[in-house]
Amino acid sequence: MSDAAHALARARSVSVLTGAGTSAESGLATFRGTGGWWRNLDPMTLATPDAFARDPKLVWEFYQHRRERALEAMPNAGHETLAAMESAFEAFTLVTQNVDGLHHRAGSKNVITLHGDLWTVRCVAEGTSREDRRVPLLELPPACACGALLRPGVVWFGEPLVPGVMEAATRAVLASEVLLVVGTSCVVYPAAGLVPAALSRGVRVFEVNTERAADFAGVTSILGKSGEVLPELWALAREQREARAR
Ligand code: OAD
């Protein structure tokens, strides 16, 4: 913790990679932990283009449920701390794998959503995306005005990320002095690849997780819940930053 606070106290540019664990204390399930979605449900039947082609209503029922849960949830102290950190640095980029919108709701502005967003729908025929915050959606599966199906605006297994998004995330991470890796199992690529990429460029990498997950040489793990560790870490770093500024 003190190493991380020291690094944050001196840094001008910081990036953060977050995953589902960041929203666990807001009451949202993770994917692979206890009670995680993929512990009980098969992602191949719910989160792939083939699954949507086979049974769009079933896929939409899953995303509708996640929209309802996300809407009920409130940002926690971890999200709020990351939002508060943004204005303290010359450059601060939050790269998230989460689709729940809680970083935005906490006030984070410079957010790169690697896996899309629960609140966007995309027409399968036209390929155009738009915001849709209706909960519940009136009919499942919802249809576009053109008659084709609308799909959730999220990235599914086997799909590429939205063009340019990974490049922007990589640029931000490699340009930073410190990378915080928060609440992610670091098993899904290309997102997880940001960690070794950062390490190879000499970026200091600290992980905040309830267990060691970012298993790359050079990562320092701070074990604990992000809603508890991040406020404590930022309080320490901010104190040191203020002392340095005096
Ligand atoms: P995972 O469910 O794989 O990992 C969640 C991580 O959060 C685990 O390492 C937990 O130990 C940690 N964790 C749990 N509670 C925590 C807490 N309170 N504070 C800090 N850490 C905590 O979720 P992701 O890594 O986000 O992709 O999963 C990556 C991607 O896999 C997701 O974006 C999703 C999923 O399939 C798609 O849907 C494309």
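Read-outs: derived from the displayed coordinates by stated rules, not from any lab. In this text, all values refer to a predicted model and were calculated from it rather than measured experimentally. Backbone-built Cβ (ideal geometry, glycine too); neighbour counts: all protein chains shown.
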- Query: Can you run phi through the Karplus equation (6.51, -1.76, 1.60; θ = phi - 60°) for segment 143-150 and list ³J(HN,Hα) in whole Hz, with x for Gly and Pro?
  - Reply: 10, 7, 4, 6, x, 6, 6, 9
- Query: So how far apart, in nm, are the two label points at ALA235 and GLU167 if each is 7 Å from Cα heading toward Cβ?
  - Reply: 4.3
- Query: Using a Förster distance of 25 Å, how high is the FRET efficiency between ARG246 and ARG212, based on the Cβ-Cβ distance and rounded to 0.05?
  - Reply: 0.10
- Item | Beta bridges by DSSP in the chain, antiparallel share as percent, to the nearest 5 | 25
- Would you mind telling me which residue in ASN110, ASN209, ASN98 has the biggest mean-square fluctuation in a Gaussian network model of the chain, where springs connect alpha carbons within a distance under 10 angstrom? ASN110
- Task: From zero up to wherever the largest Cα-Cα distance of segment 1-79 sits, split into 5 Å bins and tell me the percent of pairs in each.
- Result: 3, 13, 15, 18, 16, 12, 9, 6, 5, 3, 0
- Item | Separation between Cα centres of segment 100-136 and segment 199-246, rounded to whole Å | 28
- Karplus ³J(HN,Hα) for segment 232-244 (6.51 cos²θ - 1.76 cosθ + 1.60, θ = phi - 60°; Hz, whole; x = Gly/Pro) runs 5, 4, 5, 4, 5, 5, 5, 4, 5, 4, 5, 5, 5
- Along segment 114-127, what does the Karplus equation 6.51 cos²θ - 1.76 cosθ + 1.60 (θ = phi - 60°) give for ³J(HN,Hα), rounded to whole Hz, x for Gly and Pro? 5, 10, x, 7, 5, 9, 10, 10, 9, 6, 6, 8, 8, x
- Note on the structure: Hull surface over four for the Cα convex hull of the chain, reported in nm², is 12.8
- Item | Distance in nm between pseudo-label sites at LEU138 and HIS65 (7 Å out along the Cβ direction from Cα) | 2.5
- Message: Between ALA145 and MET44, what's the calculated FRET efficiency when r is the beta-carbon distance and R0 is 41 Å? Round to 0.05.
- Response: 0.85
- Could you tell me what percent of the DSSP beta bridges with both partners in segment 84-173 are antiparallel, to the nearest 5? 75
- Computed over segment 70-167, Kirkwood Rh from alpha-carbon pairs, angstrom: 15.0
- Query: Taking every eigenvalue of the Cα gyration tensor of segment 196-246, multiplying by 5 and rooting it, what semi-axes result, largest first, whole Å?
  - Reply: 23, 17, 6
